[in-house]
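As structure tokens, the structure follows; a few thoughts come after it.
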Amino acid sequence: MAEAVGRRERKKAATRKAISDAATELFLERGFDDVSIREIADKADVSPTTVFAHFPQKEALVFDEDEEQRAELVAVVTGRPAGVSLAQAFHDHLRDDLTANLVGHADFDDRVRRFWDLINSTPALAEYGQRMWLRHEDAIAAAIAAEFGRLEPDDRIRVFARFVLQLSVLAGTADDRLRMLDAGFEILDRGWSTVEAQYTAR
């Protein structure tokens with residue numbers, strides 16, 4: 001039974017990825033508004049009903065890794081090495097994301113840039129993407145609060161979580177993404193280090 005369930009889940013995940021990949025390819029070629037659900041379904045070799053079974057709305061096709069991203073961000077908090085501050089842990093994680101697979105792979109870098117251009121030039125995608133990304137704020141804030149033995153995150157923890165997510169958005173749209181990310185965390189770390197020391201001392 002467990003093996004059958006695992007097989008179904010793997011097939012479901014593979015179908016979801018195939019649909020998202022097909023949609024993203026078409027969106028990059030022709031733009032978000034000029035591609036229909038029917039065309040996406042045909043390219044992924046599924047029915048339009050199957051598309052909507054995996055993605056409740058068209059915008060969601062571009063952002064198919066929401067749960068995985070949330071889990072990774074929480075793991076930055078819970079799995080960071082001893083002695084590494086939260087700001088440094090998030091800086092390292094987001095910097096790794098930006099540099100992964102980019103060095104020596106100009107085609108990949110161009111695809112990432114085109115992907116961001118697609119989002120930024122499509123109001124519906126920009127709004128949806130920011131809303132989905134910022135949804136991770138609650139998960140990050142709750143994980144940080146738990147690390148410091150608190151039942152609920154206070155205002156400073158929530159501000160920190162929001163700033164981390166906003167810095168990622170800002171860096172993703174900058175001409176020099178790494179420089180923008182480094183500059184943002186240089187400022188953020190100066191303020192947060194004092195707060196984190198206060199929490200740790202309690």
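The values are calculated or read from the model by the stated rules, or taken from the named source; none is laboratory data. Being a predicted model, the structure only gives us computed values, none of them experimental. Here the Cβ is made from the backbone with ideal geometry for all residues, glycine too, and neighbour counts use every protein chain on show. The accessibility values were calculated without ligands, DNA or RNA, using every heavy atom of the protein model including side chains. Shrake-Rupley method; radii C 1.70, N 1.55, O 1.52, S 1.80 Å.
Expressed as a whole percent, the proportion of Cα-Cα pairs in the chain lying more than 31 Å apart is 30%. For segment 111-202, the normalised intensity computed at q = 0.10, 0.14, 0.15, 0.18 Å⁻¹ comes to -0.33, -0.60, -0.67, -0.87 (log10 of I(q)/I(0), Debye sum over alpha carbons, equal scatterers, no solvent). Think of a 1.4 Å ball rolled over the protein heavy atoms: segment 112-196 then has 53 Å² of accessible area per residue. For the chain, carbon and sulfur atoms together expose 52% of the accessible surface, with a 1.4 angstrom probe and every protein chain in place. Available extension along the chain between A75 and D154 is 26.4 nm, counting 0.36 nm per residue and deducting the alpha carbon span. Here the chain is assigned +1 on the Cβ of each Lys and Arg and -1 on the Cβ of each Asp and Glu. Its dipole about the Cα centre then comes out at about 500 debye. With both labels modelled 7 Å from their Cα along Cα-to-Cβ, the A183 to K43 distance reads 3.5 nm. Summing Lys and Arg as +1 and Asp and Glu as -1 over all other residues whose Cβ lies under 12 Å from the Cβ of K17 gives a net charge of 0. Estimated at 0.36 nm per residue, the fully extended path between D117 and L28 surpasses their Cα-Cα distance by 31.1 nm. For segment 62-69, the Karplus equation 6.51 cos²θ - 1.76 cosθ + 1.60, evaluated at θ = phi - 60°, returns couplings of 7, 10, 9, 10, 4, 5, 5, 5 Hz by residue, with Gly and Pro reported as x.
Computed on segment 11-122, with alpha-carbon pairs under 8 angstrom and 6+ residues apart, the relative contact order is 25 percent. Annotation: extensible slack from Q88 through R7 equals 25.3 nm (criterion: 0.36 nm per residue apart, minus Cα-Cα distance).
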